[in-house]
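Colleague: Please see the structure below; I have some questions.
The values are calculated or read from the model by the stated rules, or taken from the named source; none is laboratory data. Note that this is a predicted model, so its numbers are computed, not measured. As a convention, Cβ positions derive from the backbone with ideal geometry for all residues, glycine included, and neighbour counts pool all protein chains shown. Keep in mind that these areas ignore ligands, DNA and RNA; they rest on the heavy atoms of the full protein, side chains included. Shrake-Rupley method; radii C 1.70, N 1.55, O 1.52, S 1.80 Å.
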Amino acid sequence: MILTIASGELRRMFYTPLAWVILAAVLLVLGLLFLFLVDNYLNIIQPQLMGVPGAPGVTDTVLAPVLFWAGVVMLAVSPLLTMRIFSEERALGSLTLLTSAPLSVTEIVLGKYLSLLIFTLGLLALIALMPLSLLGGTQLDWGKFGAGMLGLFLMIASFLAAGLFISAQVRTPLIAAVASVGLLMLLVVLYMSGSAEGTASELFIYLSHFGHFLSFLQGLFDSSDLIYYLLFSAAFLILTIRRLDNERLAR
């Protein structure tokens, strides 16, 4: 049943121009950044580092920045994907019908979340084609490539879980999007506050998404980073299920 809900949600997503516009805009921005970084590497960085032992390669100077900025872009874009998932159904009155169907709220929430994850995997596959296009002329550090892609997926998955929760609270998609951006930006501010000179705080850095993501970009796989993203996503999914379940029981 979860797969049925996910496939229906995916079809609904692509019936509107929003999903296509998001795909095109994200790929355009990252594509231009990728071309700039490649040009910068070939004409400036590579000549300067030629012959330097242990110099950073194309994985560090092109791939890692592309994935970092992909995370920043998705911080702004993820709320657009999640804003209408529940809030629009609530505004149209179809949420009541959906939660009255012979389905558990858990199946509904996980089905809709799975559709967002499938969309994200498709987007990441297209982003991965950019660094993979360099294989004809250079080599990639596959460890860093895999860790970076995994970190980006986990971070976006946590964005989506938080956005899903916000969408379940309100009736207006725009309010859901703005509130989701506000919540995600708060985590960025935590990282900046924790990293600021004189006010460095390990707690703030740990609570922020980007502190864990940077470890993945460096090719480091720490189970604590993985656990952070899994717990963050699970917590917001459980809160979403509880919210909708309480609403159904109150009727």
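Colleague: Are any residues in region 1-34 of a type outside the set (A, V, I, L, M, F, W, C) and surrounded by 14 or more Cβ atoms within 10 Å (Cβ to Cβ), and if so, which ones?
Modeller: Ser7, Glu9, Arg12, Gly31
Yes/no per residue for (1) of a type in the set (Phe, Trp, Tyr); (2) open to solvent by less than 10 Å² (accessible area, probe 1.4 Å); (3) in contact with a His (Cβ under 9 Å, 6 or more places away or on another chain):
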residue: Tyr113; (1), (2), (3): yes, no, no
residue: Gly151; (1), (2), (3): no, yes, yes
residue: Met155; (1), (2), (3): no, yes, yes
residue: Phe165; (1), (2), (3): yes, no, no
residue: Gln169; (1), (2), (3): no, no, no
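Colleague: Scan region 210-222 and report the pairs whose first residue is without any contact (Cβ under 8 Å) to a residue 60 or more places away in the chain and open to solvent by less than 20 Å² (accessible area, probe 1.4 Å) and whose second residue is part of a helix (DSSP H, G or I) and among the aromatic types (Phe, Trp, Tyr), with Cβ atoms within less than 8 Å and a gap of 6+ or a chain change.
Modeller: Short answer, once both residue conditions are applied: Gly211/Tyr191.
Colleague: Output the number of residues of region 52-65 satisfying the condition of being surrounded by fewer than 20 Cβ atoms within 10 Å (Cβ to Cβ) and part of a helix (DSSP H, G or I).
Modeller: Summing the residues that are surrounded by fewer than 20 Cβ atoms within 10 Å (Cβ to Cβ) and part of a helix (DSSP H, G or I) in region 52-65 gives 3.
Colleague: Tell me which of these Val178 doesn't satisfy, since it passes every other one: (1) open to solvent by 10 Å² or more (accessible area, probe 1.4 Å); (2) more than 23 Å from Arg90 (Cα to Cα); (3) modelled with pLDDT of 90 or more.
Modeller: (2)
Colleague: Let me ask something additional. Return yes when Leu97 is modelled with pLDDT of 85 or more and in a helix (DSSP H, G or I) and no when it is not.
Modeller: It is false that Leu97 is modelled with pLDDT of 85 or more and in a helix (DSSP H, G or I).
Colleague: Pairs only if they're at least six apart or on different chains, beta carbon under 9 angstrom, first in region 71-88 and closer than 17 Å to Arg243 by Cβ and among the aromatic types (Phe, Trp, Tyr), second part of a loop (DSSP other than H, G, I, E, B) and open to solvent by less than 10 Å² (accessible area, probe 1.4 Å); list them, first residue then second.
Modeller: Listed by first residue and then by second, the contacts come to Phe86/Ala168.
Colleague: While we're on this one: Tell me, please, whether a residue that is over 30 Å from Thr4 (Cβ atoms) and over 19 Å from the mean Cα position of the chain (by Cα) can be found in region 61-75.
Modeller: yes
Colleague: Now for a different question. Can you confirm whether Leu116 is assigned to a helix (DSSP H, G or I), under 21 Å from Arg12 (Cα atoms), in contact (Cβ under 8 Å) with a residue 40 or more places away in the chain and of a type in the set (A, V, I, L, M, F, W, C)?
Modeller: Yes.
Colleague: OK, next. Could we say that Gly143 is open to solvent by 10 Å² or more (accessible area, probe 1.4 Å) and either of a type in the set (A, V, I, L, M) or touching an Asp or Glu at 6+ places or on another chain (Cβ under 9 Å) (or both) here?
Modeller: Here the answer is no, as Gly143 does not meet what is asked.
Colleague: Considering every residue within region 35-51, establish whether at least one is in contact with a Phe, Trp or Tyr (Cβ under 9 Å, 6 or more places away or on another chain), open to solvent by 30 Å² or more (accessible area, probe 1.4 Å) and either outside any loop (DSSP other than H, G, I, E, B) or modelled with pLDDT of 90 or more (or both).
Modeller: no
Colleague: Filter region 1-46 down to residues that are acidic (Asp, Glu) and in contact (Cβ under 8 Å) with a residue 24 or more places away in the chain, then give me how many there are.
Modeller: So the answer is 1.
Colleague: If you don't mind, there's one more thing I want to ask. Got a sec? Which of Leu92, Leu98 is more than 27 Å from Leu150 (Cβ to Cβ), without any contact (Cβ under 8 Å) to a residue 24 or more places away in the chain and surrounded by 13 or more Cβ atoms within 10 Å (Cβ to Cβ)?
Modeller: The unique qualifying residue is Leu98.
Colleague: Scan region 121-138 for residues that are in contact (Cβ under 8 Å) with a residue 60 or more places away in the chain and open to solvent by 70 Å² or more (accessible area, probe 1.4 Å) and report the count.
Modeller: Here the count works out to 1.
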